[in-house]
1. Write out, first by first residue and then by second, each pair whose Cβ atoms fall under 7 Å of each other, whose residues are 6+ apart or on separate chains, and whose first residue, in the range 108-122, is touching a residue at least 24 places away in the same chain (Cβ under 8 Å) while the second is surrounded by fewer than 13 Cβ atoms within 10 Å (Cβ to Cβ) and not small (Gly, Ala, Ser).
2. Scan PHE111, PHE100 and give me the residue that is over 17 Å from the mean Cα position of the chain (by Cα) and part of a strand (DSSP E or B).
3. I'm told ASN55 meets every condition in (1) part of a loop (DSSP other than H, G, I, E, B); (2) in contact (Cβ under 8 Å) with a residue 24 or more places away in the chain except one. Can you identify the failing condition by its number?
4. Condition check: polar (S, T, N, Q), under 24 Å from VAL62 (Cα atoms), under 21 Å from the mean Cα position of the chain (by Cα) and surrounded by 12 or more Cβ atoms within 10 Å (Cβ to Cβ). Does ASN171 satisfy that?
5. Give me a count of the residues in the range 116-149 that are touching a His at 6+ places or on another chain (Cβ under 8 Å) and in a strand (DSSP E or B).
6. Within the set of pairs 6+ apart or on separate chains, which have a first residue in the range 174-199 that is among the charged types (D, E, K, R), a second that is at pLDDT 85 or above and surrounded by fewer than 17 Cβ atoms within 10 Å (Cβ to Cβ), and C-beta atoms under 6 Å apart?
7. Kindly list the number of the only condition in (1) open to solvent by 30 Å² or more (accessible area, probe 1.4 Å); (2) touching a strand residue (DSSP E or B) at 6+ places or on another chain (Cβ under 6 Å); (3) of a type outside the set (Asp, Glu) that fails for ALA59.
8. So, GLN84, is that one in a loop (DSSP other than H, G, I, E, B) and either open to solvent by less than 50 Å² (accessible area, probe 1.4 Å) or modelled with pLDDT under 95 (or both) or not?
Amino acid sequence: MKNTIIILFSLIINLFFGQKPNLPLTPTCPSYNIVPLRTYTDIPEDQCYYMKDTNNELAGYVGTWVGTWNNKTIYITFKKMTNQYYAFRKYYEDILIGKFKVVNSDGSILFNNIGLTDDNAKINGGGFQKLYPNKYSMLYNDKDVCNTSGRIMIHFTDASKTQIEWQFSYNSMMISTDCQYHATGIPDVLPKGVVLTKQ
């Protein structure tokens, strides 16, 4: 009887505290509640809301752009990703991602993440902000440069949409002793301010 109680107790403990099966990272939605990209109200979490680019505002940003700063040139390619589940906000969204290559004045490649898969892009869209409605915000996270991160704001300089004004600010410049740039400081991977021209 005592062994039966111990076995039963062990099964109950395992049921509640044992390993759980891997669940999908995103909810399954048979249909979506579609709202436009410029929705500035709270969106219910995990209720199959989709912040969709209904006015095709992101299309103008798609493509390769070039800019020069401090004797370096950046080539950045923006791509539109549709119906992406945003785990932090818990809804779906159309976003831009960015992949870039930076070369110095003699053509040597300083940084290059063009070959990364889309889900590993170092620049990911954050959306149009209510405070800055004509600027699209993006986040930069780079594990290869000591977990450097920052915020990017982009917007078109004119109606032809052939130039983008780019503004970048670091979130943190803390460098741990195990960082390869500990002695020299974090390099300028991205320009703080530059005008990009569409190629």
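1. LEU110/ASN104
2. PHE111
3. (2)
4. So ASN171 fails the test.
5. The total comes to 1.
6. Matching pairs, first to second residue: LYS198/GLY63; LYS198/THR162.
7. With (1) open to solvent by 30 Å² or more (accessible area, probe 1.4 Å); (2) touching a strand residue (DSSP E or B) at 6+ places or on another chain (Cβ under 6 Å); (3) of a type outside the set (Asp, Glu) applied to ALA59, the lone miss is (2).
8. Criteria not met by GLN84.
The values are calculated or read from the model by the stated rules, or taken from the named source; none is laboratory data. Model, not experiment: these values are computed from the prediction. Glycine gets a Cβ as well: all are built from the backbone with ideal geometry, and neighbour counts include every protein chain shown. What goes into the accessible areas is simple: the full protein's heavy atoms, side chains included, and nothing from ligands, DNA or RNA. Shrake-Rupley method; radii C 1.70, N 1.55, O 1.52, S 1.80 Å.
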